[in-house]
Structures are given as structure tokens and as C-alpha cells.
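Take a look at the structure set out below.
The values are calculated or read from the model by the stated rules, or taken from the named source; none is laboratory data. All figures in this text were calculated on a predicted structure; none of them were measured in a lab. Reconstructed Cβ throughout: ideal geometry from the backbone, glycine too, with neighbour counts over all protein chains shown.
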Amino acid sequence: MKNRVRLIIIKNNKIVLIKRTVEEQIYWVIPGGKVERNETFKESLIREGEEELDIKIKVIKLLAELDCAKPGLEDYKEYFYLCEIVSGEPKKGKGPEFQDDTYYKGRYDIEWKEIEELDKINLKPERIKNIIIKNKK
């Protein structure tokens, strides 16, 4: 089994999400990505925070473990961790998804979304919404 980690960052009843625009489709995802070889989950979360959001984070606790529903990644498990920002303000990082001339398609925009609005947006994976709402600060 392969692993992915996701950073759930909640502040003032808002969560940091990445708005994905690919062709005509718009959806939101929780920042994170694949755990690299010889990397702990914590190391992966810290790296993803820097790559995707240009922030330093502190890992608080595991909130959920789900089978990955993303097409092509069905053999992955996803681990959703509550994290806090130690320094920086979330903005586009320097990861490959934010660079020109990569295989990543579409736009990646960093947004703070109200927790109460999660039911109104296309957040992937869908089943994480209730877990986030239950654990909001």
C-alpha cells in the first residue's frame, strides 16, 4: 500500500484549500501529496506545507485515514492531519504543480474557505467534509 498525506489547516472557522480549475471543471482539494520513499508522514506533511503553501507547519494529530478515491491512485491510503501554521501565510508554493512546463494541467489557487460553506463546494474527497466540520476550531 502506498501513502498520501493531507494538511487540514483551520483558523478562524476557515480552512486552507486548493481550488483546482481543469478545463471546465472546478473543485477544491486539501493540500498534500505522496509520501516519498524513506520519508515519515510528519516529514512529508512538513515538505508538502512548504512546497504547496510556502509555510512552515506543526503537525497536531491524525483526523482520518481513508482509501484514496482519486482515479489512478486506488492503491493509496490517504492520511488527513490537523496542522497549525508556525510561520508564513498560505500562498502558492514552489512545488511542480505551480510551475510552468510540468505535466500538471489547469490552475491551482490557494483559498481560505468558511467551514460552513464546505457543503456548497465540490471538495474532494467528498467524505472528508463531515470529519472537518466535526473537528473545526
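Points to keep in mind about this one:
- Cβ pairs under 8 Å, 6+ apart, first in the stretch 24-41 and more than 15 Å from R6 (Cα to Cα), second of a type outside the set (S, T, N, Q) and not in a helix (DSSP H, G or I): I26/K19; I26/R20; Y27/K19; Y27/R20; Y27/I121; Y27/L123; Y27/K124
One line per residue, one yes/no per condition, for (1) surrounded by fewer than 21 Cβ atoms within 10 Å (Cβ to Cβ); (2) farther than 16 Å from K113 by Cα; (3) among the β-branched types (V, I, T):
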residue: I9; (1), (2), (3): no, no, yes
residue: P31; (1), (2), (3): no, no, no
residue: K34; (1), (2), (3): yes, yes, no
residue: I46; (1), (2), (3): no, yes, yes
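- Of all residues in the stretch 58-75 being assigned to a loop (DSSP other than H, G, I, E, B) and in contact (Cβ under 8 Å) with a residue 12 or more places away in the chain, the one that is farthest from the chain's Cα centre (by Cα): D75
- Some residue of the stretch 89-101 being modelled with pLDDT under 95, surrounded by 15 or more Cβ atoms within 10 Å (Cβ to Cβ) and assigned to a helix (DSSP H, G or I): yes
- Checking each residue in the stretch 11-27 for being surrounded by fewer than 18 Cβ atoms within 10 Å (Cβ to Cβ), on the phi < 0 side of the Ramachandran plot and of a type outside the set (A, V, I, L, M) picks out K11, K14, K19, T21, E24, Q25, Y27.
- Residue in the stretch 2-24 that is in a strand (DSSP E or B), in contact with a Ser or Thr (Cβ under 7 Å, 6 or more places away or on another chain) and basic (K, R) present: no
- Tally of residues being touching a Lys or Arg at 6+ places or on another chain (Cβ under 7 Å), at pLDDT below 95 and among the charged types (D, E, K, R) across the stretch 55-80: 2
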